[in-house]
1. Evaluate Rg over Rh across segment B:182-324, taking Cα atoms for both radii and Kirkwood's formula for Rh.
2. Provide the three semi-axes, in whole Å and in decreasing order, of the ellipsoid equivalent to segment B:227-301 as defined by the square roots of 5 times the Cα gyration tensor eigenvalues.
3. Given 4 °C and 1.567 mPa s, how large is the Stokes-Einstein diffusion coefficient of segment B:16-116 in µm²/s, with Rh as the Kirkwood radius over Cα pairs?
4. How big is the C-alpha Rg of chain B next to the rule-of-thumb value 2.2 N^0.38 Å, as a ratio?
5. May I ask for the distance between the Cα centers of segment A:133-159 and segment A:271-323, given as a whole number of Å?
6. Which log10 I(q)/I(0) values does segment B:172-247 give at q = 0.12, 0.19, 0.20, 0.24 Å⁻¹ under the Debye formula, counting every alpha carbon as one identical point scatterer?
7. On a straight-distance basis, which lysines could pair with A:Lys232 in a cross-link, Cα separation under 30 angstrom, same-chain partners fewer than 8 positions away excluded?
8. Mind checking the mean number of beta-carbon atoms from other chains within 10 Å of the Cβ atoms in A:249-261?
Amino acid sequence: MTALLRAEDLTVRFRLAKQSLFGPPVHLEAVRAVSFTLEKGRALGIVGESGSGKTTTAMAAIRLTEAAGGKVLFEGEDLLALDDEAMRARRRDIQLIFQDPYSSLNPRARVADIVREPMDLMEIGTPAERDARVRELFGLVGLRADQLGLFPHQFSGGQRQRISIARALSTNPKLLVCDEPVSALDVAIQAQILNLLARLKEELGLSYLFISHDLGVVRHVCDDVAVMYLGKIVEHGPRDAIFDAPQHPYSQALLAAAPSLKRRKSEGYVRPMKLSGDPPSPIRPPKGCAFADRCPKAQELCRDMPPEPHEEGALRVACHFPG
Amino acid sequence: MTALLDINDLRVTFNTRYGEVTALDSVSLNVNAGETLGVVGESGCGKSITALATMGLIPSPPGRIAGGSIKLAGEELTGASDARLRALRGADIAMIFQEPMTSLNPVFTVGDQIAEAIMLHQKVSAAQAFKDAIALLDRVGIPSPAERARDYPHQLSGGMRQRVMIAMAVSCRPKVLIADEPTTALDVTVQAQIFDLLNEIQREFGAAIILITHDMGAISEMADRVAVMYAGRVIEQARADDVLDAPQHPYARGLIDCIPALGKGETELREIPGVVPPLHLLGAGCAFADRCAHKFARCESEKPLLADHGHHPAACHAVEEGRI
């Protein structure tokens, strides 16, 4: 397998407001030395709670957020080392779908122009070819040609997400970053969009970096999964390995928290593992393992020393006491 | 025995620019003390309007309750005076809203807001009410409650805010607690905490809970009974296990099948095509007909009524005629 996207020790720091006028600058490390690999034609899911750094990691990996350190290799080329012009040329290979289909489409533009705009900006093809491509894309995502002249408000949430997908595909990208693409949609509509994404991946050989907090959705779409907690990947590996036998206690807790049709109130279901409290503040991350305060297995070692990621079967786990 | 909350044949209409539109049509629901009723359906199905009607919070005009009855412990709420409804709301029947940030007042501390709810319904001093508020924050699992009571909503995380909402809602030990998508904006881990908390509170206070959600997974974990709503009508109603194991109406089946389950991958999700129709465009037939794979001539001309066709009540001609 060849890696399409490979992040090595990717780190993102945000500068916070100073405590006092002449005080030292305070930094928050939102992503802390994260490494992952996305193979060609596969989907890598990044899961975790809000604030765990899922979106920041993806945005830094495609240079929409500045990284403070590390490398991002896209087809072997370090994106972080490219100059602006070279990066701009690379952008056509990398496109995005956002969470909220209501705010991510220009309300004053006709949808045909919205889908066409990336090609105009990147000067792909002749104007006539672009028009033909817009029609082709509309068919591909399940919209009708007679809807080309309409405005975003004339579409439902699911249809708007289809427009976003068509726009993202217009430049013929290799990588699609999907940031919670279905979490704003009704369940019945979610299934429509998830099926569409699965079909497009197959037909066009796309790779997805797929951010979601919904484990069911991730299991459905992704081939590999990375679980993030407080800016670090705590577990990373093939989907079935993580879902069937998660090794990190945090992954186990996430799975226990996700609602499932198999857990019935009538049977007196009690959650096997409860997570109490909130993650610690990323401004002053704990010295040891970030999850130690909420972990039922935590021991002194966990509070003193951060666990290094190591292989556990098919998985890479950052935990002193996995299993 | 009559139920604690008994909604019968409720009809709610709204005046819109398309004329009068029926948002709820012959909705009948009931819930008993200590029981959780799940109300499930997509956006625009009438779940929240049912909750608002029960709270006497339908904005009027343009909305009005055009028929039917809502009885709380035998007392009719539909024609009740504003003063009576105000006395009941918060005390006997309380609601937790979807978005805790927009339903809390940003310029008062959360302790003051809970204390305000207590003082509205109980004759206690401000100091005592604030003490009670701190005890409630402690009860809903907020660490260092005495300090958090002096925080403003923006200083708390989403899960904390929803706990504050729950503390406020249970402050007067209501008989009925309506939770309208209480966890939609929250992480799964926090959602699990909130669900566990609601269950604990129910065991402790014996409250009836109406849980409004679009997630069948949440129904499975929380509900004793389920009502599935579509386009302003209840189209299936039964014990949660019956609906989950043997959904009758194609829409109920669709809602279950379209969930990407944790246990399986790969296979294509069975989607429900199309979207909920706008209420002003509802015709004479079944509102779900356009999205339904089992549609036949009768579905276009005649509205199916909720009735028992052998398993449990469902409103579907195809089920009635044994086609599915």
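The values are calculated or read from the model by the stated rules, or taken from the named source; none is laboratory data. Predicted model only: the values in this text are computed from it and were never measured. Methodologically, a virtual Cβ is constructed for each residue, glycine included, from the backbone with ideal geometry; neighbour enumeration extends over all protein chains shown. The area values use the complete protein model at the heavy-atom level, side chains included, leaving out ligands, DNA and RNA. Shrake-Rupley method; radii C 1.70, N 1.55, O 1.52, S 1.80 Å.
1. Ratio of gyration radius to Kirkwood radius: 1.00.
2. Square roots of five times the eigenvalues give 24, 15, 11 Å.
3. So the translational diffusion coefficient is about 82 µm²/s.
4. 1.04
5. Computed from Cα coordinates, the inter-centre distance equals 46 Å.
6. -0.35, -0.87, -0.95, -1.23
7. List returned: A:Lys18, A:Lys40, A:Lys54, A:Lys71, A:Lys174, A:Lys201, A:Lys274, A:Lys287, A:Lys297, B:Lys264.
8. Mean shielding by partner chains, rounded to a whole number: 5.
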